Amino acid sequence: MSTGTGVCMMTMRVITEKGQRVNAQHNPQIRDRSGSAGRGQSRTAALATRAELIAAANIVDVSVPAMSLPRLIRLSTAHYNELHPGKRAADFASDEAFMTRICVNYLRHACSGYDSHRDFIRQMASPKDRAEIGAVIKGRVLRSIANTYPMLIEEARRQARREDTPPHRKPLHGKGNSRR
């Protein structure tokens with residue numbers, strides 16, 4: 001699921017200090033730093049507070065679809081093989097640890113809003129808060145995967161312990177690390 005920031009801004013909701021849900025696009029305190037929350041707004045839009053971002057990270061949808069294990073393996077291997085055409089192809093005969101890893105990766109990156117939610121919220125965070133805010137969403141998605149697919153719980157735990165920052169992760173949309 002590679003949803004762009006514009007779509008996230010229109011759909012993502014955050015909790016304000018008063019506990020009301022508001023659309024991030026219309027809240028001047030929760031705009032992205034480029035100021036793209038609305039037409040004609042200045043490029044000096046403020047970053048959201050750490051508390052607002054953690055609240056947003058705790059309410060975004062992190063569900064993953066339930067499917068049979070053979071279907072999950074088939075879709076995960078096809079996804080892996082499409083992303084890595086130069087590597088040895090994954091198939092039903094591949095190593096079990098490798099298969100559980102690509103199943104969790106497929107569910108996290110292709111079947112949930114993980115990347116778009118995480119990237120959207122992190123782009124508004126101060127550099128010192130990005131890892132923590134990203135970890136909230138990552139942990140919630142991996143818990144959802146473990147709850148939906150108990151056979152993947154150990155791999156979900158392993159991935160939860162791994163820091164998910166560059167160079168492990170390629171930037172989205174073919175752009176560099178900066179989104180300015």
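The values are calculated or read from the model by the stated rules, or taken from the named source; none is laboratory data. These numbers come from a predicted model, not from an experiment. Glycine also receives a Cβ, built like all others from the backbone with ideal geometry; neighbour counts cover every protein chain displayed.
Yes or no: Ala135 within 20 Å of Leu47 (Cβ to Cβ) and either of a type in the set (Gly, Ala, Ser) or more than 20 Å from the chain's Cα centre (by Cα) (or both)?
So Ala135 passes the test.
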Item to check | helices (runs of 4 or more DSSP H) contained entirely in segment 88-162, each with at least 1 residues that are of a type in the set (Val, Ile, Thr), in contact with a helix residue (DSSP H, G or I) (Cβ under 8 Å, 6 or more places away or on another chain) and touching a residue at least 12 places away in the same chain (Cβ under 8 Å) | outcome: 96-110, 114-124, 130-148
Next on the checklist: Taking the condition of being at pLDDT 90 or above and either surrounded by fewer than 16 Cβ atoms within 10 Å (Cβ to Cβ) or among the β-branched types (Val, Ile, Thr) (or both), how many residues in segment 96-122 meet it?
Outcome noted: 6
Next on the checklist: Name the residue that is modelled with the lowest pLDDT, counting only residues in segment 44-62 that are part of a loop (DSSP other than H, G, I, E, B) and crowded, with 19+ Cβ neighbours inside 10 Å.
Outcome noted: Ala45
Checklist outcome for this item: Within segment 63-82, the residues that are without any contact (Cβ under 8 Å) to a residue 40 or more places away in the chain, within 22 Å of His117 (Cβ to Cβ) and part of a helix (DSSP H, G or I) are Leu75, Ser76, His79
Checklist entry - Checking Pro70 against (1) more than 19 Å from the chain's Cα centre (by Cα); (2) at pLDDT 95 or above; (3) surrounded by 15 or more Cβ atoms within 10 Å (Cβ to Cβ), which test does it fail? => result (3)
Checklist entry - From the list Ala93, Ala131, Ala125, which residue is more than 20 Å from Val64 (Cα to Cα), surrounded by 21 or more Cβ atoms within 10 Å (Cβ to Cβ) and out of contact with any Cys (no Cβ under 9 Å at 6 or more places or on another chain)? => result Ala125
